[in-house]
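What follows draws every value from the coordinates through simple rules; no lab data is involved. None of these values were measured; they are calculated from a predicted model. Here the Cβ positions follow ideal geometry from the backbone for every residue, glycine too, while neighbour counts run over all protein chains shown.
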Amino acid sequence: MKSIVCIKRVPDTETRIKISEDGKSIDPAGIKYVVSPYDEFAVEAALQLKESRGEGEVVVVTVGESAAGEQLRSALAMGADRAVLLKAQATQDGLATAKALAAELKDAGADLILFGMKAVDDDQQQVGPMVAELLGLPCVTVVGQFEVQDGKVVCHREVEGGTEVVEAPLPAVLTITKGKYEPRYASLKGIMAAKKKPLEEKDAQMAESRVRVQSLSYPAERPEGRIVGTGPDAVPELVRLLREEAKAL
Amino acid sequence: MPNVLAIAEQRDGALRKVSHEVVSAARRVADAVGGEVHAVVLGAAGVADAVGDLGRYGADRILVGEAEGLGRYNPEGYVAALVDVVKGGDYFAVFLPASSQGKDLAPRLAARLDVPLAQDATALAVEGGELVITRPLYAGKAFARVTLDGAPRMVSLRPNVFRAEESAKAGAVQRIDVAVRPDEWRVRVREVVASAGERPDVAEASVIVSGGRGMRGPEHWSILEDLCDAIGPGCALGASRAVVDAGWRPHSEQVGQTGKTVAPQLYFAVGISGAIQHLAGMRTAKTIVAINKDPDAPIFKVADYGIVGDAFEVVPRLAEEIRKLREG
């Protein structure tokens, strides 16, 4: 069983975002970068699958700048076997990224290709299903738990108002959400071992971005709010304001 | 002609509210570029009876594809049917809801059509004949204005953000042939387990009651549920990351950068201090109410109205007052 997990280097979610002077990009100064949290769930899922079967290989792949090697090492320290860095400038064009990944994965012989259900920087939620389409593979998104049996994968998928149990033949693409897979911490031994694991770097086959960023901005400041009062006695006034002023009730 | 296609969404044969929003947004863009709005709806036999409304929100033409197997969303069936519709229309833009169905469908369709995609747009403008899309980054810590090369420009629109407005058009219903071969679908739904309760998803609700660590434990959620019930059927429960991490509430309710980004009309933050990644996910709510014991909690900085106090005293009173108002 070979699983390939596609991950992304993103700013830590506690990071304050600062827009660069060009007004079109994020100032990287002072940002702490991490593996996108949903991608960590995907890495954990692949590791658990390998452990439960007692065989298999877990490969992690990313499209990004050289610095993204750090995030691949993090995944290797969790227990992945090897890593591939497809070097390219990150883009908001998810389809360009998907094409670069698909070119690499086309003949890679994966039984499962896993993604986080979204990256927490661009929030586009698109590269996984795009790769599936480009490779002609079945795809199940927003999976909180899955089992592999008899050449099939059975997924528990979070949908509005419930859970769907969905089945697809292998090979398949899944995007993983927070569910059963709580990411493990890398052990010291894992971190040491990761330094010796293979990390292959090559240039991504990246098409020109067709998403053009015109400008970035901060969210509009919300007008200064007010404290209506203290304790339950303030509730009638709050309800009045919500009804008459905010027209929200 | 630079026409705009709006992909409407139905559930159990009834159009969802977000479909009106998407058709209205398409109407405004089509007016700016001088084109028509075509709305397309897929569903089981009989769905055509439920789509007349789309004309009222500005659709010039309503394309309806009815087939066995399209009653419920199925990615392979929907993509196959919609690729033909989009290719047949030579559209300037294609809009669909950034609902969980739309976000699953849009990237597959974009890849099949070989066009870039912008997901979860919060604003659209036409400038010099080009569509300029505003969309959040980092769950709303920043916004990008982007343009997409090529046509159609494919964009999913965040629910609750785009105004649904009536703009009556002919809205003639036209049936389309859809090629549906369920025997070829590889992804099959074995069963659907409905979660308890009938509340809407937090990403699409018009009112959200969210709880944080100040609720002290999962056993106290009944008071938030009661407030939600008092508000009515459009209200969903939300949660902060701290309480989801603690296992008090399911991740599907989490609001913030590692959960859902929401834009309801009204957001109650109860016992939530307001970590930066939570604020990013809810700050575009129209009205925010914070209830917190700590007068210095950062949540009060983004709230329109705040009550400093114990949630266990304030929330039941709030439910009571809202019930009085409703029964008024």
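Helix B:17-33 and the long axis of chain B differ in direction by around 60°, with both axes built from C-alpha atoms. Calculated translational diffusion coefficient of chain B (25 °C, 0.890 mPa s; Stokes-Einstein with Kirkwood radius over alpha-carbon pairs) equals 117 µm²/s. Treating r as the C-beta distance of A:K32 and A:R240 and R0 as 56 Å, the FRET efficiency rounds to 0.80. Computed about the Cα centre, the dipole magnitude for the protein assembly as shown is approximately 740 debye when only Lys and Arg (+1) and Asp and Glu (-1) carry charge, each at its Cβ. Take the Cα of B:A172, go 7 Å toward its beta carbon, and the backbone nitrogen atoms of the stretch B:68-97 under 18 Å from that spot belong to B:89. Oblate is the label for the stretch B:70-155. Its Cα gyration tensor axes, ordered a ≥ b ≥ c, give a/c of at least 1.5 and b/c at or above a/b.
Farthest towards the positive end of the charge dipole of the stretch A:2-203, among the residues A:L112, A:A168, A:L49, is the Cα of A:L49, using unit charges on the Cβ of Lys, Arg, Asp and Glu. When a/c reaches 1.5 or more, the comparison of a/b and b/c decides; with that in mind, is the stretch B:207-327 rounded, prolate or oblate per its Cα gyration tensor? Rounded is the answer for the stretch B:207-327, as its axis ratio a/c remains below 1.5.
Taking only the Cα atoms of the stretch A:2-203, the ratio Rg/Rh comes out at 0.95, with Rh defined as the Kirkwood radius. Here the label points at B:K293 and A:E221, each 7 Å from Cα along the C-beta direction, are separated by 3.2 nm in the simple model. The mean number of Cβ atoms from other chains found within 10 Å of a Cβ in peptide B:310-323 is 4, as a whole number. Projecting the Cα atoms of A:S25, A:T177, B:P295 onto the charge dipole of the protein assembly as shown (Cβ charges, centred on the Cα centre) puts A:S25 farthest toward the positive pole.
Per residue of peptide B:143-151, the mean number of Cβ atoms on other chains within 10 Å of the residue Cβ is 6. I need the shape label for the stretch A:186-249. Rule: rounded when a/c is under 1.5, else prolate if a/b > b/c, else oblate, with a, b, c from the alpha carbon gyration tensor. The shape class here is oblate. Ignoring lysines fewer than eight residues from B:K169 along the same chain, the ones with Cα atoms less than 26 angstrom from its Cα are B:K17, B:K87. Exposure here means at most 11 other Cβ atoms within 10 Å; with GluC sites (Glu not before Pro) in a DSSP loop as sites, the longest stretch of chain A lacking them is A:56-207. If each of A:K18 and B:D114 carries a label point 7 Å out from its Cα toward its Cβ, how far apart are those two points in nm? In this crude label model, A:K18 to B:D114 measures out at 4.3 nm. Across peptide A:238-247, the average count of Cβ atoms from other chains found within 10 Å of a residue's Cβ is 5. Result for chain B in a Gaussian network model with C-alpha springs under 10 Å: among B:G234, B:G88, B:G58, the largest mean-square fluctuation is at B:G88.
Using R₀ = 25 Å, calculate the FRET efficiency as 1/(1 + (r/R₀)^6) where r is the Cβ-Cβ separation of A:R53 and A:E182; round to 0.05. Between A:R53 and A:E182 the formula returns 0.80. Principal-axis analysis of the Cα atoms of chain B puts helix B:222-231 at an angle of about 50° to the longest axis. In summary, the lysines within cross-link reach of A:K180, defined as a Cα separation below 24 angstrom excluding same-chain residues under 8 places away, comprise A:K2, A:K8, A:K50, A:K118, A:K152, B:K103, B:K260. Over every Cα atom in the protein assembly as shown, the radius of gyration and the widest Cα-Cα span, Dmax, amount to 23.5, 71 Å.
Partners of A:K189 within straight-line reach, counting lysines whose Cα lies under 18 Å from its Cα and excluding those fewer than 8 residues away in the same chain: A:K197.
How far, in degrees from 0 to 90, does helix B:311-327 lean away from the longest principal axis of the Cα atoms of chain B, to the nearest 10? The helix B:311-327 is inclined about 60 degrees to chain B.
Between A:A108 and A:Q89, what is 0.36 nm times their sequence separation minus the Cα-Cα distance? Round to one decimal in nm.
Using 0.36 nm per residue and subtracting the Cα-Cα distance, I get 4.5 nm.
When both bridge partners sit in chain B, DSSP labels roughly 20% of those beta bridges antiparallel. Springs between Cα atoms under 10 Å define the GNM used for chain A, and in it the highest mean-square fluctuation of A:G79, A:G54, A:G231 occurs at A:G231.
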